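Structure, as structure tokens:
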Amino acid sequence: MAIITVTFGLPTGVRLVAANTERKAAHYAEAVVYDIAREALPVYISVSCADPAVRKRLAGYLLDLQTECLRAPAPRRNASGALG
């Protein structure tokens, strides 16, 4: 069982996600990326794992995810500033 850690360099500090499978690591890391303010993207991401293929695959995926988030249309806000 591999231990995978993903480190995010956020404007507010460092955030670390750890998981024992590639799928769980991707799931947890996605949640972090989706929570980052669009204006802060892209952020530094480092993937640590004993398996170099997993490191490369997960790092590439998270880079692509950040790019996708940057290209997505900004959420619409109504006159009060609320989303909707």
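The values are calculated or read from the model by the stated rules, or taken from the named source; none is laboratory data. Computed from a predicted model, the values in this text were never measured in an experiment. Glycine gets a Cβ as well: all are built from the backbone with ideal geometry, and neighbour counts include every protein chain shown. Surface areas here come from the heavy atoms of the whole protein model, side chains and all, with no ligands, DNA or RNA. Shrake-Rupley method; radii C 1.70, N 1.55, O 1.52, S 1.80 Å.
Some values worked out for this structure:
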read-out	value
Cα-projected label distance for residue 23 with residue 69, points at 7 Å along beta-carbon direction, nm	2.3 nm
Candidate residues 45, 4: accessible-area rank, largest first, probe 1.4 Å	45, 4
Length released on extending from residue 3 to residue 30, taking residue separation times 0.36 nm less the Cα-Cα span	8.0 nm
